[in-house]
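Visitor: Here it is, the structure in full.
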Amino acid sequence: MRAADLLAECLAAHGVDRIFCVPGESYLSLLDALADRPAIDLVVCRHEGGAGLMGVADARLTRRPGVVAVSRGPGATNASIAVHLAQQDALPLVLLVGQVARHERGRGAFQEVDYAAFLGSMAKMVAEVNDAGRLPETIARAFHAARSGTPGPVVIALPEDMLADDTAAQVIAPVDPAVSLPAPGLVAKAAALLGEAKRPLLIAGGALDDARGRAALARAAETHGLPVVLTFKHQEIFDNASPLYAGHLGFKIPKPQVEALSRADLVLAVGTRIGDTPSQGYNFPSAPEPAQPLIHVWPDPEVIGRVFRPTLGLSCDPAGFIEMLAEINLPEVPERAGWAAELHAIATPGYTPEARADGVEFGAVVAELARTAPHDTILTMDAGNFSSWIHRVWPWDGTQQAIGASGGAMGLGVPGAVAASLRNPGRCVLGFTGDGGALMTGSELATAVAKGAKPKIIVSANGSYGTIRLHQERDHPGRVSGTDLANPCFASWGRSFGALGIRVESPEEVADACAELLAHDGPAVMHVQASLEAIAATTTITKLRGEA
């Protein structure tokens, strides 16, 4: 069998049903092999960065490795954003890279790159397959590595001449990653610490983002009166209307909220590596020595104790730990109800749109869509301050799906929405992006039209790289440099792809525009002329300048 055909069979055996790609001459044989395998949907994208971000979004939705194929050199360097994001977000990703022919390696050939040197610090595994007989073994190892321990990206380089070789090698069946069950004695020790706490706090992360993890989280919180705060971009995994909801550990949450959370006398961090964003710059919990007892639960032993010294560390299945904790009976602690109520009140300030002289407050659009969109709508969020309105306003009840980049990469909004629409063709998909991110990867709207996907893209167009402008106003108030943007009309831009285009310039237009967007049976783009003054859901430019 030709190696390229064997590779296609290996991918199918590992459950691959979709590959995002930009074609390249360095893996023509694989493209040829896929032509005879309609069970693997080949999604041809317009930029390798967009293809990679679609793979990351698909992994977030399915909890299986997203698969991306790109050509050598420029193709791989463009796709490296997805490798970094998968590493930051602990998502399984397999990047297949065409490589120069074997006889050209080491000679500085056209577009030659050493991928182990280039991507080795971000990927869990980088392999180059020079012997076609090793393809099945390498693919099996790659998929296992992507899913095991801390999930993440793997990179497989495929010399173009190797793909044309004949081989008698056989497909190797996939092996499920080993799952470490919680040790009952350690769970009992965690329960004993919890039983002594009057102000405990559970920090819940993305490793609990499946039906089992979400159910266990809700049950444990209710059983023990545990306030729950969600890590960055995982706000959707717990009911925000619950009296036990204690907030979302995103960027620059209000100082009073951080101060209130810091009064906890026990922190359980479950399903998260914690990191700098949820810890608010390694201040809560503080690193390396937390100010309060810390119980840290993550499936990879290399994470436990690496940055934060836990009172108790468990390297095990986070959902299994939460399930076992929920089954342990502990005495009721009366003080917890008041503690939970205090945190919930701070975390849910409510929202009433304000009139702005320089455009529409973006929260008004989010609020209207939250009121009228189907309950099972999937949201994708690009990086940017505009997303703070979604975190503040959207009524997450613990059942919806959302895709956001905790790694902070711009450009996920549109490709993520395309990937979500392809994976869930019967559901409403809303892709929120800023004007900066929209023009980084917005060309993937062409991919949506070509594949019949129907994402609805909402662009917050305030004429600025808003997150950087916020930092700029904080550190150098009134001195604007390098953050202004000149924009097209995104409604016209969307129509040029064949999508519906809608433009919103005043609060009075919001309701009708949202209704038109949601009613349209096809891809659509809504341009919101957004207020720059209302730069985020927690502050304004005027406030930033006054506080400097």
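Values quoted throughout were computed directly from the atomic coordinates according to the rules given, and no laboratory measurement underlies them. These numbers were taken from a predicted model, which means no experiment stands behind them. Ideal geometry is used to build each Cβ from the backbone, glycine not excepted, and the neighbour counts take in all protein chains shown.
Visitor: What is the set of long-range amide H partners of Val94 at a cut-off below 5 Å, with H atoms built 1.01 Å from backbone N?
Guide: Gly66, Val67, Val68, Val154
Visitor: Oh, and also: If I take every Cα pair under 8 Å that is 6 or more residues apart in the range 15-98, average their sequence separation and divide by the length, what percent do I get for the relative contact order?
Guide: With pairs under 8 Å counted, the relative contact order is 35 percent.
Visitor: When only alpha-carbon atoms count, how far does the range 362-547 stretch along each of its three principal axes, as whole angstroms with the largest first?
Guide: 47, 35, 35 Å, listed from the longest principal axis down.
Visitor: For Leu500, what residues show an amide H to amide H distance below 5 Å, using hydrogens built from the backbone and excluding near sequence neighbours?
Guide: Under 5 Å from the amide H of Leu500 lie the amide H atoms of Ala524, Val525, each far enough along the sequence or on another chain.
Visitor: Now for a different question. Step through the residues of the range 44-52 one at a time and calculate ³J(HN,Hα) from phi using the Karplus curve (6.51 cos²θ - 1.76 cosθ + 1.60, θ = phi - 60°), rounding each to whole Hz and writing x for Gly and Pro.
Guide: 8, 9, 9, 7, 5, x, x, 4, x
Visitor: What is the Rg over Rh value, at two decimals, for the range 1-100, using alpha-carbon atoms and the Kirkwood definition of Rh?
Guide: On the Cα set of the range 1-100, Rg over Rh gives 0.94.
Visitor: Starting from the Cα-Cα distance between Glu259 and Arg371, subtract it from 0.36 nm times their residue separation and give me the gain in nm to one decimal.
Guide: Separation in residues times 0.36 nm, less the Cα-Cα distance, equals 37.1 nm.
Visitor: I've got another one for you. Treat every Asp and Glu Cβ in the range 356-439 as -1 and every Lys and Arg Cβ as +1, leave all other atoms uncharged, and give the resulting dipole magnitude about the Cα centre to the nearest 20 debye.
Guide: It comes to approximately 180 debye.
Visitor: Still on this structure, I have one more. What number of lysine-lysine pairs in the chain show an alpha-carbon separation below 22 angstrom, given a sequence spacing of 8 or more or placement on distinct chains?
Guide: Taking the Cα cut-off of 22 Å, the pair count is 6.
Visitor: So in the chain, what percent of DSSP beta bridges are antiparallel if you round to the nearest 5?
Guide: Taking every DSSP beta bridge with both residues in the chain, the antiparallel ones total about 5 percent.
Visitor: Using DSSP, restrict attention to beta bridges with both residues in the range 362-547 and report what percent are antiparallel, rounded to the nearest 5.
Guide: So the antiparallel bridges in the range 362-547 amount to around 10 percent.
Visitor: Out of every Cα-Cα pair in the chain, what percent are more than 37 Å apart?
Guide: For the chain, the share of Cα pairs beyond 37 Å comes to 34 percent.
Visitor: Next up: Ranking request for peptides 386-399, 170-183: highest mean number of other beta-carbon atoms within 10 Å first, then the rest in descending order.
Guide: Final packing ranking: 386-399, 170-183.
Visitor: Follow-up. Label points 7 Å out from Cα along the Cβ direction at Ala337 and Thr311: separation in nm?
Guide: For Ala337 paired with Thr311, the spin-label model returns 2.5 nm.
Visitor: On to the next question. Take the range 445-545, drop everything but the C-alpha atoms, weight them equally and run the Debye formula without solvent; then report log10 I(q)/I(0) at 0.12, 0.18 Å⁻¹ to two decimals.
Guide: For the requested q values the scattering log ratios are -0.49, -0.86.
Visitor: Same structure again: Which three extents, in angstrom, do the Cα atoms of the range 129-224 have along their principal axes, listed largest first?
Guide: 66, 22, 19 Å, listed from the longest principal axis down.
Visitor: Which percent of Cα-Cα pairs in the range 184-347 sits in each 5 Å bin, short to long?
Guide: Going out from 0 Å in 5 Å bins, the range 184-347 shows 2, 10, 21, 25, 24, 15, 4, 0 percent.
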